[in-house]
Structure formats: C-alpha cells, structure tokens
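Everything below concerns the one structure shown next.
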Amino acid sequence: MKRIVILISGGGSNMAAIVRAAEGEDWPRRLGVGIAAVLSNRPQAGGLATAQAHGIATQVLDHRDFATREAFDDALARAIDAYAPDLVVLAGFMRILGAAFVARYAGRLLNIHPSLLPAFPGLHTHERALAAGCRFAGATVHQVTSEVDVGTILEQAVVPVLPGDTPEQLAARVLTQEHLIYPRAVRSFFGAESGL
C-alpha cells in the first residue's frame, strides 16, 4: 500500500477534500493508496478533528517549541518518515520549509496555491489579483521546490473575477475549485486518471 502524509495548519478543507475522494473512490482497493497520517504545526488546527473522525492518525509538532526553523524541519521530517510516505501533501500548511527539507522529499512533495501560477506567488493572492485588474483567477497544484511557488505545475483551475468581487468572495470561489483539483492531482501522482 502506498502512503500519503498530509500537512495542515488550520481547518484542513483541502485535506478533507482529499480524504473524501480517497474514501468515495476507494483508493486503498482501487489504487493501492491510503492516507497514513495528518500532521499539523498548530495544536488547535481544526482539520485534526476531521482526520481523527475518519480514522486517520494525527500528530502535532508545534513550531513554537523549536528554537530554529531548521530544528522544526528536522523534527517534522522525522515524524513524517515514521509513516514511510510515498507522497507528502501540503494542504494549507502555513510554514515555509527549508531547502534541506524540500530536497529530502524532492519529487514527492505537493502544494496548492490560490492563484494561477506563475502569477501572484506568496501571500495575499486575491487582493493582488483584484488590484491588478485580473479578469480570471484560480488555483494551482505544483511540485514543491526550494523557491516558493515555482515548482512544476500539475493542475490548474480557472475562476472568473466578477464585477464588485471582494477578496473574500473571490477566495471562496477559488476554494471550491481547489477542492476539485487537489484530489485529482494526488490521484494523478499515483498514475490514476480521474475516472479511475
């Protein structure tokens, strides 16, 4: 059985979308893929309860307990490696990971970003898209590299920007598409088409 570890920092809606797809499409039987664990850097992350409700192992490594970013990265890598994952999925994990961590999981570390990369890497994507007068926004699933939001693009979804949109309204529409494309990208990583 191939194994996925998902990293979250908050509510974990993208993690939940992947879990729903894995259960609804019976990934363990049909693809030989299972979600081994959900890890968070925040003890209060709401997504932990969601994972537990689905019988998925959870673990918290509070980044504030570590003196340096490198020490946190090292502890996180050890925790991840205990599950022997074939894929590590960042699903709203709000920590920038160091180059050594990224290199350790090269080729098997995915992230989702709420813009049509390469446009608007980093934070405040919806505000920036609106300020630039974009007519379209969207989301991108990409391979993680040591440079933020520049890895190989695996999936994208386009969302129209509507007249009078606020950043919050645009973010909500983009999020619905994230929930569709992230499970699809994970499925594709293991060589499965969307129809299985």
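The values are calculated or read from the model by the stated rules, or taken from the named source; none is laboratory data. In this text the structure is predicted, and so the values were computed from the model without any measurement. Every residue, glycine among them, receives a Cβ derived from its backbone with ideal geometry; neighbour counts consider all protein chains shown.
Scan the stretch 64-83 and give yes if some residue there is in contact with a strand residue (DSSP E or B) (Cβ under 7 Å, 6 or more places away or on another chain) and either under 27 Å from A171 (Cα atoms) or polar (S, T, N, Q) (or both), otherwise no. Looking through the stretch 64-83, none of the residues is in contact with a strand residue (DSSP E or B) (Cβ under 7 Å, 6 or more places away or on another chain) and either under 27 Å from A171 (Cα atoms) or polar (S, T, N, Q) (or both). In the stretch 124-144, of all residues being among the hydrophobic types (A, V, I, L, M, F, W, C) and within 20 Å of L154 (Cα to Cα), the one that is nearest to the chain's Cα centre (by Cα) corresponds to V141. For the stretch 1-32, a tally of residues being more than 23 Å from V60 (Cα to Cα) and in contact (Cβ under 8 Å) with a residue 24 or more places away in the chain returns 9. In this structure, H142 qualifies as assigned to a strand (DSSP E or B) and buried (at least 19 other Cβ atoms within 10 Å of the Cβ). In the stretch 185-196, the residues that are farther than 21 Å from H113 by Cα reach residues that are at pLDDT 65 or above and among the aromatic types (F, W, Y) with C-beta atoms within less than 9 angstrom, at least six apart or across chains, in these pairs: A192/W27; L196/W27.
Scanning the stretch 68-101 for residues that are surrounded by 14 or more Cβ atoms within 10 Å (Cβ to Cβ), among the small types (G, A, S) and over 24 Å from G34 (Cα atoms) yields a single hit, G98. Residue check: D86 meets all listed conditions (1) within 26 Å of S188 (Cβ to Cβ); (2) of a type in the set (D, E); (3) without any contact (Cβ under 8 Å) to a residue 60 or more places away in the chain but one, namely (3). The criterion of at least 3 residues that are under 28 Å from G138 (Cβ atoms) and not charged (D, E, K, R) is met by the following strands (runs of 3 or more DSSP E) wholly inside the stretch 10-114: 33-40, 87-90, 109-113. Checking the structure you have, find out if any residue of the stretch 158-168 is over 26 Å from D26 (Cα atoms), in a strand (DSSP E or B), touching a residue at least 40 places away in the same chain (Cβ under 8 Å) and touching a strand residue (DSSP E or B) at 6+ places or on another chain (Cβ under 7 Å). Checking the stretch 158-168: at least one residue is over 26 Å from D26 (Cα atoms), in a strand (DSSP E or B), touching a residue at least 40 places away in the same chain (Cβ under 8 Å) and touching a strand residue (DSSP E or B) at 6+ places or on another chain (Cβ under 7 Å). Screening A53 on (1) more than 20 Å from G107 (Cα to Cα); (2) crowded, with 16+ Cβ neighbours inside 10 Å; (3) among the aliphatic types (A, V, I, L, M) shows it passes everything except condition (2).
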